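Read the figures in this text as sums done on the coordinates, not as results from a lab. Note that this is a predicted model, so its numbers are computed, not measured. Cβ placement follows ideal geometry from the backbone for every residue including glycine, while neighbour counts extend to all protein chains displayed.
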Amino acid sequence: MTFATLAGKRLVSSRIVVGNIGPWFAECELEGDAEVSGQVTLQINGTSFTGTVDDTNNGVFEGSRKLRIVAGGGGWSKTVDAKHYHNDARVKASTVADDAARTVGETIGGFVPTAERIGVDYVRQSGLASRVLEDVIGDMPWWVDCAGVTQVGMRSSSTAKADAYEVLAYDPADRRATLGVTDLLAVQIGTVISKSLDGPRTVRELEIVVDAGDIRITAWCGGSATGAGHLAGLMRSIVDRTTDAKLWGKYRYRVVRMNVDRAECQAVRKGAGLPDVLPVSMWPGVAGAHAELTPGAEVLIEFIEGDRTMPIITHFAGKDGAGHVPVSLVLCGSTQAAARQGDLVQSGGVGTQVTFAGAGPYLVPGVPYLVSFDAVLPTPLLAAPLYGAISTGSPKVKV
C-alpha cells in the first residue's frame, strides 16, 4: 500500500516525471480542495520531493484540487533581464549561472561545467533563465534533485541491486520498462538495470505514478548521458528541425592559409556542427580594403541571408586577438607601397641637375650646375642620391 502526501495533505493520485536534464515536475490531485501554494514537500512512501506550486496550473474541480509542482523554486522557466559580464581574466561560468539562479529563486549545488571560464565578455540576453544556464555550462547535463537543488555535471552511474526491483514489462522498440520497486530511490536516472533483459540498460527518464494506493514506475532506457530525455528530446528535435533551414549567426574560424585573394579556414569549435571552409571570400565592411591574413588568425564567418551556399568572412580579430596584424593590407586596390614616418627616402641620383635661383655672385641664375650629394666627388663626375627619412606624419593614422 502506497502512502502519498503533499504539504501534509493526503493525495488521491500523483504523477512525477524525472528527466535526464532539467527540473522534475509532479501532477497531483488532493483529497479535498485545501489551498496549497509556495514551496511544498511531496512524500511517497517516505521519499521526499521538494518543489514549488505552479500557480498557473492550480485549481479545483468537483471538490478536488489539482495542481502541478515544479522542482526547486520552479524558477528556471522564468525570464532574466539582459546583462553584460566582463573580466579580463575571463568570466567564470559559475558567476553567470549563480546570478541567474538567484534572480529566479533557485539554488545551485554541484557545479561542474564543460569549462570553468567562458570568455572575457559574456552578454546575457533577456530570456529564460534555463537558457542562460545551458549556455554557460556547455555540453554538461543539469537537473534539479529531489531536495530541490540544481546540480550541474555528469550524473553518477550505479547498478541496481537485483533484489531492489522487478522488471514487469519491457518494450524493446521504445526501450521502455515497467518496474516494481519498494524504495523509489533504488532506481534513479543513471541506474543500470538488467534483470529479465537481454542486456544492461541505463535509465534516462522516470515516470512515477501513484493511483488508488498502487505505484507504477516506467523507465525509459534510451538516449545518452547528456541527452534531454525522451519527451524533452523529441520537443527539442522539433524545434531544431524548424530552425535548420537557414544558418544564422557568426561562427569562429581559424585561417589556415591564403588561396590567392580568398582564405582557407578551419572551424574553431567542431560542436557548432560546421565544416572547414575552403576557400571563402572576405567582405570586410570597408570599401576598397583587402588583407592578406596571417595564418592562425581568427575570423568570423557568416552566411548571406542565412544561405549556406554563401559564406563570407565579415570580421577579424581585434588588437588582443590571434592574428590581429595581417601579412599585408591593400587600400583602394593600389599596388604601390605606402611610406611611413621613419622610412628612408631618396632624391637626386645619377644625372640629376639642380637649378639655383638667386644664389649670389658665384652662381648665375638660370644656369644649370652639376651638384654632387656626396662629401667626396664621384668619379666620373656625376650627381649621387641624397638620402633622408620621413620625419612627420598623421597623428591619427598609424601603419
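Structure notes:
- DSSP-defined antiparallel bridges as percent of all bridges, segment 79-152, nearest 5: 85
- With R₀ set to 51 Å, the beta-carbon distance separating Val167 from Ala82 gives a calculated FRET efficiency near 0.55.
- Oblate is the label for segment 244-295, because the ratio a/c of its alpha-carbon gyration tensor axes (a ≥ b ≥ c) is 1.5 or higher and a/b is not greater than b/c.
- FRET efficiency estimate (nearest 0.05) - Cβ-Cβ, Arg10 to Lys246, R0 51 angstrom: 0.45
- Neighbour-count ranking [beta-carbon atoms within 10 angstrom, fewest first] of Ile390, Ile16: Ile390, Ile16
- Rounded to the nearest whole Hz, the Karplus-based 3J(HN,Hα) values (6.51 cos²θ - 1.76 cosθ + 1.60, θ = phi - 60°) of segment 208-225 follow the sequence 10, 10, 10, 8, 6, x, 9, 10, 10, 10, 10, 10, 9, 10, x, x, 10, 5, with x at glycine and proline.
- Global geometry of segment 115-202, whether rounded, prolate or oblate, following the gyration tensor of its Cα atoms and the 1.5 cut on a/c: prolate
- In order along segment 195-204, phi translates into HN-Hα couplings of 4, 6, 9, 7, x, x, 10, 9, 6, 10 Hz, rounded to whole numbers, per the Karplus curve 6.51 cos²θ - 1.76 cosθ + 1.60 with θ = phi - 60° and x for Gly and Pro.
- In loop segments of segment 15-81 as defined by DSSP, the GluC sites (Glu not before Pro) with at most 12 further C-beta atoms inside 10 Å of their C-beta are Glu35, Glu62.
- Sparse-neighbour loop sites [GluC sites (Glu not before Pro); segment 95-141; at most 16 other C-beta within 10 Å; DSSP]: Glu116
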